[in-house]
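To start, the structure under review is shown below, and the notes come after it.
The values are calculated or read from the model by the stated rules, or taken from the named source; none is laboratory data. Owing to the predicted nature of the structure, the values given are computational and were not obtained by experimental measurement. With ideal geometry, Cβ positions are generated from the backbone for all residues, glycine too; neighbour counts draw on all protein chains shown.
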Amino acid sequence: MKEIINQLLPFIREYKKHVVLNIFFNLLYAFFSTLAFVSLIPMLNVLFDKTQNVSEAPVWTGIGNIKNYGNNLLNYKVSGLLEEGNAQMALLIVVAIVIFTFFLKNLFGYLSMQHVMYLKNGVLTDLRKHMYKHIVELPISFYSKRKKGDIMARILGDISEMQNSFFIILELIVREPLTILFSLVVMFTMSWELSIFVLLFIPISGFLISSIGKRLKRQSLQTQQEVGRLISTVEETLSGLKIIKSYNAENAFKKRFLSSADKILRLINKIGLKNNLAGPLSEFLGIITIAILLWYGGKLVLIEKVIEGTTFIGFMALAYGILTPAKAISKASYKVKNGIAAADRVFEILKESDTMPDLKKAKELTSFESSIELKNVSFKYENEFVLKDFSLTVHKGQTVALVGQSGSGKSTIANLLTRFYDVNKGLIAIDDNDIKNITKTSLRAQIGLVTQDSILFNNSIRNNLKIGNENANENEMINALKVANAWEFVKELPEGIDTNIGDSGNSLSGGQKQRLSIARAVLKNSPIMVLDEATSALDTESEQLVQVALENIMKNRTSIVIAHRLSTIQNADLIIVMKQGQIVEQGKHQELLDRKGMYQKLVLLQSLD
């Protein structure tokens with residue numbers, strides 16, 4: 001708990017005004033909560049003709065005597081009215097005092113809740129923003145073994161759980177304890193013997209309730225982890241619906257989902273049973289205490305006559321009034337455990353550090369002048385090296401193609417060049433600058449990337465293109481679409497460039513999506529192009545259109561082409577043939593064919609296909 005509070009403090013400090021005002025109004029709420037029950041005693045005295053007769057107006061002697069002064073002044077006014085035979089007016093005055101104190105109590109309660117609302121909502125919104133910013137900045141390697149659904153559950157579900165449960169402590173940390181404290185102080189002034197019973201009730205109740213909620217945090221954590229798995233199943237189902245249906249795998253995914261949903265049901269029912277027990281248990285323990293008070297207090301009133309009956313009734317009202325904050329605290333203790341489990345999951349992500357931060361001495365790469373060099377590069381994702389002592393130089397203006405069987409390390413080179421991952425050995429340099437000494441933002445600004453998977457977003461074509469250049473005007477976007485061979489179909493769409501293309505661009509064909517990806521890269525206008533199997537997923541007609549677009553985009557640029565279809569790279573300045581992370585052949589298309597080596601075998605295999 002202490003660690004979580006410390007982690008939240010930087011966010012809370014932004015709203016310290018609301019913290020101060022919340023504490024101030026809660027202080028007044030607790031004071032008037034106690035005074036509201038005390039104000040019942042004068043009313044009871046009038047009803048039962050127990051008002052103390054005060055014949056002379058009291059004299060103010062200072063703040064230290066405020067209680068006696070207020071009590072004597074009220075008795076002086078009320079007893080005077082009773083002597084005049086005006087009991088109705090006397091009753092009206094004491095009833096008005098009761099109404100006024102309860103009004104102030106609720107007014108200050110409302111104001112305190114307003115400020116804790118601003119504090120809670122503000123902190124959690126800032127936390128959600130900070131978490132999103134953090135997960136976007138974390139390197140690609142962080143997500144290689146994590147489920148997207150689990151990350152989504154943390155930024156959405158867990159932060160909402162913190163709002164609904166953990167942050168309830170901000171509402172209770174001042175109000176309820178102070179209400180109990182003020183009530184106990186007044187009760188001790190009335191009867192210390194009776195007050196002892198109330199003091200015994202609070203720790204006993206707290207012990208019983210905490211023992212029941214011992215396993216609540218662990219069960220809450222299990223629930224939130226299972227919710228993450230459930231969201232992952234939904235995300236995977238929606239993303240791969242075509243595959244699921246084509247393989248008739250609906251039942252397998254239904255089984256996964258139903259199993260996860262049933263597990264969540266069992267866990268939340270267990271948590272709910274404990275949560276639901278908190279209120280009745282604390283109230284039952286309170287009633288037992290009240291019963292003991294009635295027995296013992298009745299004895300003090302009727303037999304020993306050491307306390308007035310009206311004062312005893314007021315004492316009982318105060319004692320019962322303690323039950324409400326005590327019950328709120330006990331219920332909150334359960335909810336807070338849910339929130340702690342959620343907070344642990346949120347801060348687990350926030351504790352993750354960027355394993356590839358920009359160095360303090362990192363400089364900006366403002367242009368590309370001469371060459372890209374990979375010098376003795378070795379790299380592994382897990383245990384086995386994907387690249388082994390790999391070296392390559394790409395001069396400015398060259399088109400270099402990387403070919404080879406799947407798993408030979410072609411796409412890994414694209415990942416390393418864009419610094420999605422860092423090399424394990426060796427270095428990659430642009431214009432003799434190790435890319436580790438260049439800021440990632442400026443490095444990636446020099447590189448345009450077109451991948452096999454056309455990653456588009458559920459937005460208009462215009463906004464998808466603006467990811468390449470947010471300052472681009474309409475003419476620049478249309479020119480980029482023309483270069484990418486995409487304008488012909490875009491202008492025929494219902495709203496043209498402002499047409500929404502749906503989730504992942506699913507309203508478009510594969511070739512259309514790929515040409516929009518190329519247009520986005522054109523708009524970025526980077527001097528280096530990395531084309532990672534950009535045509536491998538397309539049919540022949542779409543491939544021809546996309547290939548023309550790729551040839552357009554590669555003009556006057558340095559291009560690294562990772563190719564699956566060898567027919568697309570015949571005009572490359574240099575073809576690198578890779579196997580198991582190493583170069584086995586290199587040269588131009590005809591040169592490699594003449595050698596009758598691995599490249600020729602790959603070409604023949606594709607020709608047979």
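Out of all the residues in the range 103-150, which are surrounded by 14 or more Cβ atoms within 10 Å (Cβ to Cβ), more than 20 Å from residue 24 (Cβ to Cβ) and of a type in the set (A, V, I, L, M, F, W, C)?
124, 127, 131, 135, 138, 142
So is residue 580 in the same structural domain as residue 514 (by TED's automatic domain parsing), of a type in the set (S, T, N, Q) and surrounded by 15 or more Cβ atoms within 10 Å (Cβ to Cβ) or not?
Yes, satisfied.
What strands (runs of 3 or more DSSP E), lying completely within the range 360-405, carry at least 2 residues that are surrounded by fewer than 18 Cβ atoms within 10 Å (Cβ to Cβ) and in the same structural domain as residue 592 (by TED's automatic domain parsing)?
Because the criterion is at least 2 residues that are surrounded by fewer than 18 Cβ atoms within 10 Å (Cβ to Cβ) and in the same structural domain as residue 592 (by TED's automatic domain parsing), the strands (runs of 3 or more DSSP E) in the range 360-405 that meet it are 371-380, 385-395.
Output the residues belonging to the range 236-256 that are surrounded by fewer than 16 Cβ atoms within 10 Å (Cβ to Cβ), part of a helix (DSSP H, G or I) and modelled with pLDDT of 70 or more.
250, 251, 252, 254, 255
Looking at the range 141-180 only, could you name the residues that are outside any helix (DSSP H, G or I) and either more than 29 Å from residue 34 (Cβ to Cβ) or hydroxyl-bearing (Ser, Thr, Tyr) (or both)?
Within the range 141-180, 144, 145, 146, 147 qualify.
Is one or more of the residues making up the range 117-140 part of a helix (DSSP H, G or I), among the aliphatic types (A, V, I, L, M) and in contact with a Lys or Arg (Cβ under 8 Å, 6 or more places away or on another chain)?
yes
If you take the residues of the range 406-441 that are in a helix (DSSP H, G or I) and of a type in the set (A, V, I, L, M, F, W, C), which of them is surrounded by the fewest Cβ atoms within 10 Å (Cβ to Cβ)?
414
Since residue 600 meets every condition but one in (1) closer than 25 Å to residue 447 by Cβ; (2) surrounded by 14 or more Cβ atoms within 10 Å (Cβ to Cβ); (3) not hydrophobic (A, V, I, L, M, F, W, C), which condition does it not meet?
With respect to (1) closer than 25 Å to residue 447 by Cβ; (2) surrounded by 14 or more Cβ atoms within 10 Å (Cβ to Cβ); (3) not hydrophobic (A, V, I, L, M, F, W, C), residue 600 is out only on (1).
Between a first residue in the range 141-163 that is in the same structural domain as residue 232 (by TED's automatic domain parsing) and modelled with pLDDT of 80 or more and a second residue that is part of a loop (DSSP other than H, G, I, E, B) and of a type in the set (Gly, Ala, Ser), which pairs have beta carbons less than 8 Å apart while being 6 or more apart in sequence or on different chains?
If the second residue must be part of a loop (DSSP other than H, G, I, E, B) and of a type in the set (Gly, Ala, Ser), no pairs are left.
Of the residues 116, 78, only one is of a type in the set (A, V, I, L, M) and free of Cβ contacts under 8 Å to residues at least 60 places away in the same chain; which?
Testing whether each residue is of a type in the set (A, V, I, L, M) and free of Cβ contacts under 8 Å to residues at least 60 places away in the same chain leaves just 78.
Considering only the range 477-508, state which residues are small (Gly, Ala, Ser), surrounded by fewer than 24 Cβ atoms within 10 Å (Cβ to Cβ) and either closer than 30 Å to residue 395 by Cβ or in contact with a helix residue (DSSP H, G or I) (Cβ under 7 Å, 6 or more places away or on another chain) (or both).
Within the range 477-508, 496, 505 meet the criteria.
Okay, residues lined up against (1) in the same structural domain as residue 180 (by TED's automatic domain parsing); (2) farther than 16 Å from residue 200 by Cα; (3) in contact (Cβ under 8 Å) with a residue 40 or more places away in the chain; (4) within 41 Å of the chain's Cα centre (by Cα):
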residue: 290; (1), (2), (3), (4): yes, no, no, no
residue: 293; (1), (2), (3), (4): yes, no, yes, no
residue: 299; (1), (2), (3), (4): yes, yes, no, no
residue: 303; (1), (2), (3), (4): yes, yes, no, no
residue: 309; (1), (2), (3), (4): yes, yes, yes, no
residue: 313; (1), (2), (3), (4): yes, yes, yes, no
residue: 318; (1), (2), (3), (4): yes, no, yes, no
residue: 322; (1), (2), (3), (4): yes, no, yes, yes
residue: 328; (1), (2), (3), (4): yes, yes, yes, yes
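When the residues of the range 4-16 are narrowed to those that are out of contact with any Asp or Glu (no Cβ under 6 Å at 6 or more places or on another chain) and in contact (Cβ under 8 Å) with a residue 12 or more places away in the chain, which ends up farthest from residue 165 (Cα to Cα)?
14
I want to confirm something. Restricting to the range 466-506 and keeping residues that are assigned to a loop (DSSP other than H, G, I, E, B) and among the small types (Gly, Ala, Ser), which single residue is farthest from residue 531 (Cα to Cα)?
Taking the candidates together, the pick is 502.
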